Amino acid sequence: MIKNLTKTLFVSLLLLLSLRLAAQEKSILDQLEEIAIVDQKVMMPMRDGNRLATDIYCPKVDYKVPIIFSRTPYNFNTYGDGELRERTMQSALEWVKKGYAYVVQNERGRFFSEGEWDILGTPLTDSYDAFDWMAKQGWSNGKIGTLGCSSTAEWQMAAASLNHPAHAALVPQGFGAGVGRIGEYFEQGNWYRGGAGQMLFTAWLYGTQHDPLAPRLQKGIAQEDLLRLQRFYDMAPEYPRVNWKEALSHLPIQDIINNVNGPNGIYEEMITRKPNDARWYQGGLYHDDMPFDKPSFWFVSWYDVSTSPNLALYNHVRKNAVSQKARDNQYLIIAPVLHCAYTRATENTVVGERSVGDARLNYDEIITAWFDLWLKNEDKGKIDSMPKVTYYTMGSNKWQTSEVWPPANAKMTTYYLDSKGSANTRNGDGLLLAKLPKTENKDTFQYDPMNPVNSYGGNVCCTGNAVQGGSFDQSEMELRDDILVYTSEPLAEGVEISGFIESFLYLSSDVKDTDVTIKLIDVYPDGKAYNLDETIQRVRYREGYDKEVMMEKGKVYEIKMTPMSTSNYFEKGHRIRIEVSSSNFPRFDRNLNTGGNNYDESEGLVATNSIHHGGVYPSRIVLPMIR
């Protein structure tokens, strides 16, 4: 009997193993076709006659289903170099199994989609027309959820402002490139920070913008012909690799892509726009004068390029959404990872070179519950039981919750800059003090745009090999004479800093225009100094982004920095530090100090810059502290 039982178990195990191997041998496409109607290269019509290439994966069921919609500028063609590509279809398979149709579409002018592409300027009518078309399909239940990270997220907010009745809910992740103007943030889709150019788009557009002379398919091609073409022709250019560490140093800035023999395109026009140019307000960016009335689950990360404006947008929608229903249904998760790296957190998550502990979270469960609620009217309890804000505190390395951001118990606490006039380098005498020093003093450094402070880690993405994002020990960098370093005494007890960080610096210079940079740092007892966030301010925009006001030589000006953000626990014995300088390159472009356009200049001036503090010049940083 035991022999027979053993034999039966063995046979069962062999059968199970063979079934698993058979399933593994099936391609994702085969698995999809078993449970879904696969309809690729559907050319969805827009109101102006252009058609957008769309792949649709709809469950084989006898009832109508909701839609998960992803729109992207990236290549999702089913084949590449003659091989089946599975990434998009893997997402489709997962959503189809959950009872959703999965629809992915290329933005106009990208790959098989017709029309002309314009980053951040895609017509909003494309979103409305796509929602309209999908809602009217016989298999659709009329409810659409938008999902994606980075370029598949940035269009969602402006699309939500249209208030299409089928657009039921959003899940934007790493969405800063879709944020135009939110309160004091005039980033215009991550193009600027404090009026200084963010160089990520220079590198990104090299491999993304479509040269007007590059070959394109003729309009009006039939779907069956596109299905045949997609097997051996995916419309994807192959760009030579560029060493962006060297390439971004080229001057003038407007010629960087041409200098590496890159494609012509919209970069050369966009680089000429000022922070409040009227062209930023046309197309796909979301600005704070636009309506918003959709339930949204927002995903932000501490080491992303646009953490602060993303958090400001979340607060703006919670306060200003059209209906109380929308205001009550805004949720936020803030993770301690790089841009769009949420699911890459591990049991020991290392961001740069700093370990922040076990930062894993079941994002799939959360997002599915969100869409089940708004697209299927299911599982309301799962969302109702969630806090409005779930955030990760580095240092203590734990997930925390709050009903508002910043947490209600965060108290804004001021630290003042002080020194005897020699705050240069970490070996200088720069201090952060709880009380305003009565004695006025200043720290002076030379800023040479031809020898800028190099970006080392930070809150950045998309710059190729030029900058590696994350938290790195800054102590060696702090030996530069053009970095002013201000440090608190070792903390007598641990303190959490969670929220927006404000800073006000008093500057004088011998040039018409320059930049001021600041970086917040956690200093460990062994001297390691880990960066938390950073920002910059182009001084000509100190009075607003609608005008440029140059400086007078030697006159002292108050510079209000664009707020930073973090959640970090400074343990007992740690110290709070800030670095102040005039460059953080190539995270931000260099100010050539001439007062000119900057983007079309090849030569700069060396600036003698001074930070004044104490007395009538209360240079300070204001921290949201939780004790």
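Report, in degrees rounded to the nearest 10, the 0 to 90 angle that the Cα long axis of helix 87-97 makes with the longest principal axis of the chain. Rounded to the nearest ten degrees, it is 60. Taking amide H as placed 1.01 Å from N in the peptide plane, Met412 has its amide H under 5 Å from the amide H of Met625, each at least 5 places away in sequence or on another chain. For the pair segment 581-619 / segment 49-104, the C-alpha centres are spaced 48 Å from each other.
Once backbone amide H atoms are built at 1.01 Å from N, Tyr617 has no partners under 5 Å, excluding neighbours fewer than 5 places away on the same chain. Relative to the globular-protein estimate of 2.2 N^0.38 Å, the Cα radius of gyration of segment 272-328 stands at 1.30.
Starting from the Cα of Asp39, move 7 Å in the Cα-to-Cβ direction to define the label point; list residues of segment 105-131 whose amide nitrogen is under 13 Å from there. No residues fall inside that zone. Database note for the chain: Cys without another Cys beta carbon under 4.7 angstrom, Cys58. Here each label is just a point 7 Å from Cα along the line to Cβ, and for Ser355 and Ala492 those points are 3.2 nm apart. Accessible surface of segment 46-128, 1.4 Å probe: 45 percent of it comes from carbon and sulfur atoms. Working value for segment 492-627: equivalent-ellipsoid semi-axes of 30, 16, 13 Å, each the square root of 5 times a Cα gyration tensor eigenvalue, largest first. Summary value for the chain: 13 percent relative contact order, contacts being C-alpha pairs under 8 angstrom separated by 6+ residues. When +1 charges are put on Lys and Arg Cβ atoms and -1 charges on Asp and Glu Cβ atoms, the dipole computed for segment 349-477 relative to its Cα centre reaches about 420 debye.
Ordering 456-468, 317-329 by mean Cβ neighbour count within 10 Å, with the highest value first, yields 456-468, 317-329. Please work out the C-alpha center-to-center distance from segment 209-288 to segment 160-178 and express it in whole Å. Spelled out, the Cα-based centre of one part sits 24 Å from the other. In a DSSP loop and with at most 12 other Cβ atoms within 10 Å, the GluC sites (Glu not before Pro) in segment 152-260 are Glu238. A 1.4 Å probe run over the protein chains yields, for the chain, 40 Å² of accessible area per residue, whole-number rounding. Provide the FRET efficiency to the nearest 0.05 for the Asn427-Asn75 pair, computing r from the beta carbons and using R0 = 56 Å. Efficiency, rounded to the nearest 0.05: 0.65. For the pair Glu25 and Phe504 in one chain, pulling the backbone fully straight at 0.36 nm per residue adds 166.3 nm over the alpha carbon distance. Evaluated with a Cβ-only charge set (Lys, Arg +1; Asp, Glu -1), the chain carries a dipole of roughly 1440 debye about its Cα centre, given to the nearest 20. Only protein heavy atoms count here; under a 1.4 Å probe, Glu502 has an accessible surface of about 60 Å². With respect to the chain, whose longest principal axis is taken over its alpha-carbon atoms, helix 2-25 is tilted by about 70°. Where Lys and Arg each count +1 and Asp and Glu each count -1, what net charge lies around Tyr185 among other residues with Cβ under 11 Å from its Cβ? Residues close to Tyr185 contribute a combined charge of -1.
Remark: spin-label model distance Ser602-Thr343 equals 4.8 nm, labels positioned 7 Å along the Cα→Cβ axis.
For segment 482-627, the Cβ-based charge dipole about the Cα centre amounts to some 280 debye (Lys, Arg positive; Asp, Glu negative; other atoms uncharged). For the chain, the residue among Ser582, Gln105, Ile536 whose Cα projects farthest onto the positive side of the dipole built from Cβ charges is Gln105.
Counting only DSSP H runs of at least 4 residues, each contributing -39500 (n - 2.57), and dividing by the residue count of the chain, the helix-based mean residue ellipticity at 222 nm comes to -5500 deg cm²/dmol. Solvent-accessible area assigned to carbon and sulfur over segment 541-615 amounts to 43 percent, based on a 1.4 Å probe. The length gained by stretching the chain between Glu269 and Arg241 to full extension, at 0.36 nm per residue less their Cα-Cα distance, is 7.7 nm. Highest average first, the peptides 133-140, 282-289, 550-557 ordered by how many other beta carbon atoms sit within 10 Å of their residues are 282-289, 133-140, 550-557. In this simple spin-label approximation, Lys136 and Lys97 carry label points 7 Å from Cα along the Cα→Cβ vector, and these lie 3.5 nm apart. The solvent-accessible area of Phe585, taken with every protein chain present and a 1.4 Å probe, is close to 10 Å². Given a 1.4 Å probe and the protein chains as shown, Ile37 ends up with an accessible area of around 100 Å². For segment 296-414, carbon and sulfur atoms together expose 47% of the accessible surface, with a 1.4 angstrom probe and every protein chain in place. Scoring 303-314, 98-109, 263-274 by mean Cβ neighbours within 10 Å over their residues and listing the highest first yields 303-314, 98-109, 263-274. How tilted is helix 124-135 with respect to the longest principal axis of the chain? Cα atoms for both, answer in degrees (0 to 90, nearest 10). The helix 124-135 is inclined about 30 degrees to the chain.
The values are calculated or read from the model by the stated rules, or taken from the named source; none is laboratory data. Computed from a prediction, not measured in an experiment: that's the story for all the values here. Cβ coordinates were reconstructed from backbone atoms using ideal geometry, including for glycine residues, and neighbour counts include every protein chain displayed. To get the accessible areas, we keep the full protein, side chains included, count just its heavy atoms, and leave off ligands, DNA and RNA. Shrake-Rupley method; radii C 1.70, N 1.55, O 1.52, S 1.80 Å.
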